[in-house]
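The values are calculated or read from the model by the stated rules, or taken from the named source; none is laboratory data. From a predicted model like this one, the values you see are computed outputs, not experimental measurements. Cβ: placed from backbone, ideal geometry, glycine included. Neighbour counts: every protein chain shown. What goes into the accessible areas is simple: the full protein's heavy atoms, side chains included, and nothing from ligands, DNA or RNA. Shrake-Rupley method; radii C 1.70, N 1.55, O 1.52, S 1.80 Å.
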Amino acid sequence: MIPKKSFPPGTHLDTLAVREGLPPSPWGENSEAIFLTSCFVHPDAATAARRFANEEDAFVYSRFSNPNVTIMERRLAALEGTSGCIGTSSGMGAILLMFMGLLKAGDHVICSRSVFGATIKLLQGEFGKFGVESTFVSQTDVAEWKDAVRPNTKLLFAETPTNPTCEVCDIQALADIAHEAGALLAVDNCLCSPALQQPVKFGADIVMHSGTKFLDGQGRVNAGALCADEALINEKFVPVMRSAGMSLSPFNAWVVAKGLETLGVRVMAQSVNALALAQWLEAHPAVERVYHPGLASHPQHELAMRQQNGVGGAVLSFDVKGGLDARKAAFAVIDATRLCSIAANFGDVRSIITHPASTTHGRLTEAQRQAAGIGQGMIRLGVGLEHVDDIRADLDRGLSGLSR
Ligand SMILES: *Cc1c(COP(=O)(O)O)cnc(C)c1O
């Protein structure tokens, strides 16, 4: 009932990014209209009944079905190479939906120690409260993941590269461990986006997104999504969405769908800027260490290049040399910027500078932070589309103050 667009076999991702979605309405609009409607009208009561019972595919109620959300879902699924996708209110909403759909009390999850702070909180705190067991392991040590498998392990969850330390995990190796254990592998693909990395190509079952980052790409909305086989989405996630309502709003879906049209060019251009800055920072006397998968010095450089289409991505972090008071040194560098936005986001066309230890990862204990490799001297930069010389000058103002 809900029509699909069709494309010749072999249509490229760049084309699908701007063309996949829904056919236009009877008015023939070229740019997608925004369907700000909470419900949809049916021709008669019997049709309404069939649609509510899922016997007929149609838009029903925007908590779980809306044209703008469908457009975003189809476009993102095309880019990730999955048959299905479900949009959510935020990236955390997507992880919540995934855990609710797949787990029950007594189940076990293996998760990297270096994932997004809120992910650790949600799994260990909220789902721990409901009896879901979790083990946190090293991002890069495959043997630790394997050793953590238990008979009740249902899900392996990794983020690659991680935010903010840019550690890369071997997706194929983790997929093999998951499948041998009869579990699923989910990958948080926020840092790369499908423009660089498609985790299902390496055996991942579920790809999780925060649409808030590169997918929107201009820092406007919160959004999220899970990409997977359509059968898995329909069986495990759509029913939870219907009852729990972590729904993506039609307007935000429209923003993200438009963002996806320029995803490829933005991420490539921002990644070029990021690599140039990472190389410059690595040679800076006030910098202790730089974290970026595109650097030859990155511990998993070769693996990253294989998984990420040869591109390091547009997020980097670095430790400033601070001696005893690393936090003070990091704050000085951040406060000396005039161009970069001091905020806690990335994936924006505007460069964003962040002190992870006191913001995104501020709710973790010091021990959890250390386990995740996040020191007080660490600064994260979500590199934008400004001229790279201007970003460099912005960082150098504070950094050269430190090295004097
Ligand atoms: C931002 C982020 C999330 C959470 O997404 P929200 O849209 O902010 O809820 C999850 N994982 C990673 C890696 C992120 O950077």
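Worth a mention:
- Accessible surface area normalised per residue over the stretch 26-81 is 55 Å², counting heavy atoms of protein chains with a 1.4 Å rolling probe.
- Accessible surface computed residue by residue for the stretch 264-402, with neighbouring protein chains in place and a 1.4 Å probe, gives 42 Å² per residue.
- Highest GNM mean-square fluctuation among Asp390, Asp176, Asp188, for the chain modelled with Cα contacts below 10 Å: Asp390.
- Local electrostatic count, Ser317, Cβ distance below 10 Å [Lys/Arg +1, Asp/Glu -1]: +1
- Gyration tensor (alpha-carbon) shape descriptor, the stretch 107-169, a/c threshold 1.5: oblate
- The calculated 222 nm mean residue ellipticity attributable to helices in the chain amounts to -10000 deg cm²/dmol, summing -39500 (n - 2.57) over DSSP H runs of n ≥ 4 and dividing by all residues.
- Pairs from the table (Lys201/Lys236; Lys146/Lys213; Lys129/Lys201) lying more than 25 angstrom apart at Cα are Lys146/Lys213; Lys129/Lys201.
- Heavy-atom accessible area with a 1.4 Å probe sorts Met208, Met268, Met92, largest first, into Met268, Met92, Met208.
- Using equal-weight Cα scatterers in the Debye expression, the normalised intensity of the stretch 13-261 in log10 at q = 0.14, 0.15 Å⁻¹ is -0.90, -1.01.
- Rh (Kirkwood; distinct C-alpha pairs) - the stretch 264-402, Å: 15.0
- Projecting the Cα atoms of Ala296, Ala371, Phe318 onto the dipole axis of the stretch 264-402, where Lys and Arg carry +1 and Asp and Glu carry -1 at the beta carbon, places Ala371 farthest toward the positive end.
- Rolling a 1.4 Å probe over the protein heavy atoms leaves Trp280 with an accessible area of roughly 60 Å².
- Unit charges on C-beta of K, R, D, E only; dipole of the stretch 264-402, Debye: 260
- Looking at the stretch 43-149, the chymotrypsin sites (Phe, Trp or Tyr not before Pro) that sit in a DSSP loop and have at most 14 other Cβ atoms within 10 Å of their own Cβ are Phe130.
- Neighbours of Ser6 by Cβ distance under 14 Å: Lys/Arg scored +1, Asp/Glu scored -1, total +3.
- Computed 3J(HN,Hα) for the stretch 11-22, one whole-Hz value per residue from the Karplus formula 6.51 cos²θ - 1.76 cosθ + 1.60 where θ = phi - 60°, is 4, 6, 4, 4, 6, 4, 4, 9, 10, 5, x, 10, glycine and proline marked x.
- Assigned charges on the beta-carbon of Lys, Arg, Asp, Glu; the stretch 13-261 dipole about Cα centre (debye): 620
- Accessible surface of the stretch 13-261 [probe 1.4 Å, protein heavy atoms]: carbon and sulfur percent: 54
- Per-atom-type breakdown for the stretch 264-402 gives carbon and sulfur 53% of the accessible area (1.4 Å probe, protein chains only).
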